[in-house]
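Report on the structure given below.
The values are calculated or read from the model by the stated rules, or taken from the named source; none is laboratory data. Please read these numbers as outputs of a predicted model, since none were measured by experiment. Cβ placement follows ideal geometry from the backbone for every residue including glycine, while neighbour counts extend to all protein chains displayed.
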C-alpha cells in the first residue's frame, strides 16, 4: 500500500505544521495544567506522602490532614492492641504565627511536631537522619529551602513562633504545603509552641505501621469497627492523602477551573487543527476526486484523511512530551510543585489524540466535495 | 438516430446509451444538456466526441462512465445497467473496469510517478509484487520507464499527463475515458498523448472514449462524434483515420 497519508504529511509539512503545533500546545497545556494541579493539591498531603506510615488515626470525619483536631492518647493504645500493627507514633499539628528576623510581618505557619528518633515515620522520606537528629535540640526547627525567603530567615537564624524563640537548624526539600508554610519540629518543641490551652498535651494524629504483607485497608477497617477508646477514624495513608488533595481541589473551586480550562484548550485546539486538516483536504480535493473516479471508495479516502489526523496527533504528542519533560525538570529544579502520574499523563495524551481525531472527522466531511464529475469540463 | 455504426462494426459494443436525457437546474432556470441521446461505442477503437464547450460532451462522458446519473434513459457499460447501480456498486464497477484521464493531471505532489500508478492499483487487492510490476510496465508503455522515481514537480506537463495515463492504464481497464487530455499540452506533447491513447485502444482492445474540442485530435481518432446543443450532429470515420490507412 502506498503510504499516501504519511508521504503527503512529510512532503507538505508546512501545510500541516499549524495542526501539529495546535495539538502539541493543547497537549502541553493539558499536561502542565494537570502537573500543576497534582503538584499544588498533592502538596496538601505532603505530611502523609513524605512519611512512611501505613495508617493514620485522627479526629472523626476529618476532611483534610490540615484540619485535624486533638484526639485522646487512648487511640494510640487501641492501635497498639491490634495484632497487625507493629509501630505507633504520635504527630502533633500546631497552627502558629511566625515572626522572622528580617521584616516579613506575621506568617501563618503549620508546625509539625514529630518523633525525632532515627526510626521515626513522620517525614522519613524528606529528612536525612543527621538532620532529623538535630531536632532534638530545644527550639530547633527545619523548613523547606524554598520557604526561607518568605520566612525571612537563613539557616542558623533565630525567629519566633507564637512568641517562643526557635532556631532554624537546617533545610530540606519537598516540605512545601498548601495554605501555609510548613515548619518541622520535635514533639517536645511543638508542645512548647502550642499555646491553645485546651489541647495541652493532646496529639493530633497517631500514625502506625502494619506488619509487612498485611493490607493496611483491612487493618483500617477493623480498627474503625468500635469507638470504645473515644471517637477516632483510621484511614490508610493513601486514602487520607487523596482525601486531603481532593478537599483542597474542590474547596478552592480549582477542580471546576481545571475542567473549564481543559474544555477551552480542547475547543481552541480542535478549531485550529480541523481548519488546517480541512485546508489540506481541499488542497488535494482534485486528486482525491480522481482516485474516486478510478474507483477508490469514499471509505478508503476517509481513512487516508483520518490517518493524516492520527499522524498529526502523534507528532503533536511527541512535541508536547519532549517539551513537557524539559519544563517538568526545570520546575522540579526550582521547587515548583509539579507532579505527574502515568494515569493522568495517559489521560492528557489521550485527550489530545482525541482532539486530533475529532478534527480529522471534521475534515472527512470535506471529502464530500471530492466529486469526480466536477473534474470534467 | 444519428448513431449509425461506422466501419468497425465487427467489434463489440461496450458502451450503450439509450434515450439518455440530462437536465440541470440553476435557480429557476432549467437547461437540458442532453436531449434523448442514443449511442453505441465499440471496443478496440478510439472514439472522439468533439464539439464546442457547453455542448454536453463532458456530461455525456460522465454519464457513460458512471460518474453521474442520467435523468432518464438507460446506460449499459460492459453489460451492466449503470442506472441501477448504487454509489458503492458504481465505485466498485469503476475500480474494476474503468480508467480516467483528465485535463488537469491531478497527481499527488508527494508521490513519485511509480507511486501515483501503484496507488489505485493497491485498492484492487492485488499482491504487492503484481502491483509493482503492473505499475512499472504501464510506465514503460507510456515511455516513462527512466523517470518513474520522480515527483510531479520534476516532470514536464506532457510527462505528468503520461503518468496520469499510466495510472489509468495499469488497472487494465476495459473502458478508458479521457476528458480534454491534450488541452493543457503543447502540440508535440498532445501528439504523444493521443498516440498513446490510440495505441492502447489497438493493442489492449480497450474502449477509449475521448472528449475534446481540440481539432488536432480528429485525425487520430477511429470515429468522431460531433456534438452540439446536447445532440449528436454527425458520426463519421475521419478521412485520414488510421482505420482507413493500410496497416
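Number of residues in the stretch B:75-88 that are more than 18 Å from residue B:17 (Cα to Cα) and touching a helix residue (DSSP H, G or I) at 6+ places or on another chain (Cβ under 9 Å): the value is 2. Note on the stretch A:194-284: enclosed helices (runs of 4 or more DSSP H) holding 3 or more residues that are in contact with a helix residue (DSSP H, G or I) (Cβ under 7 Å, 6 or more places away or on another chain), within 30 Å of residue A:15 (Cβ to Cβ) and touching a residue at least 12 places away in the same chain (Cβ under 8 Å) are A:254-283.
Is it the case, given these coordinates, that residue A:196 is at pLDDT 85 or above, in contact with a strand residue (DSSP E or B) (Cβ under 9 Å, 6 or more places away or on another chain) and under 24 Å from residue A:72 (Cβ atoms)? No; evaluated as a whole, the condition is false for this residue. Whether a residue is surrounded by fewer than 23 Cβ atoms within 10 Å (Cβ to Cβ), facing chain A (nearest Cβ under 9 Å), touching a residue at least 24 places away in the same chain (Cβ under 8 Å) and touching a helix residue (DSSP H, G or I) at 6+ places or on another chain (Cβ under 9 Å) was assessed, and residue B:102 does not pass this test.
Taking residue A:5, is it within 10 Å of chain B (Cβ to nearest Cβ), touching a helix residue (DSSP H, G or I) at 6+ places or on another chain (Cβ under 8 Å) and either within 25 Å of residue A:300 (Cα to Cα) or buried (at least 23 other Cβ atoms within 10 Å of the Cβ) (or both)? Yes, satisfied.
Among (1) more than 8 Å from chain A (Cβ to nearest Cβ); (2) buried (at least 22 other Cβ atoms within 10 Å of the Cβ); (3) not in a strand (DSSP E or B), where does residue B:52 come up short? With respect to (1) more than 8 Å from chain A (Cβ to nearest Cβ); (2) buried (at least 22 other Cβ atoms within 10 Å of the Cβ); (3) not in a strand (DSSP E or B), residue B:52 is out only on (2). The set of residues in the stretch B:178-189 that are buried (at least 17 other Cβ atoms within 10 Å of the Cβ) and more than 13 Å from residue B:102 (Cα to Cα) contains only B:189. All conditions but one from (1) more than 30 Å from residue B:56 (Cα to Cα); (2) part of a helix (DSSP H, G or I); (3) away from chain A (no Cβ under 14 Å); (4) in contact (Cβ under 8 Å) with a residue 12 or more places away in the chain apply to residue B:159; the one that does not is (1).
Restricting the stretch A:234-264 to residues that are modelled with pLDDT under 90 and buried (at least 20 other Cβ atoms within 10 Å of the Cβ), the residue that is farthest from residue A:69 (Cα to Cα) is A:249. Here the helices (runs of 4 or more DSSP H) wholly within the stretch A:45-147 that include at least 3 residues being out of contact with any strand residue (DSSP E or B) (no Cβ under 8 Å at 6 or more places or on another chain) are A:74-81, A:129-133.
When residue A:276 is tested against (1) crowded, with 19+ Cβ neighbours inside 10 Å; (2) at positive phi, exactly one condition is not met: (2). Per the listing B:69, B:18, the residue uniquely closer than 24 Å to residue B:222 by Cα, in contact with a strand residue (DSSP E or B) (Cβ under 9 Å, 6 or more places away or on another chain), surrounded by 14 or more Cβ atoms within 10 Å (Cβ to Cβ) and modelled with pLDDT of 90 or more is B:18.
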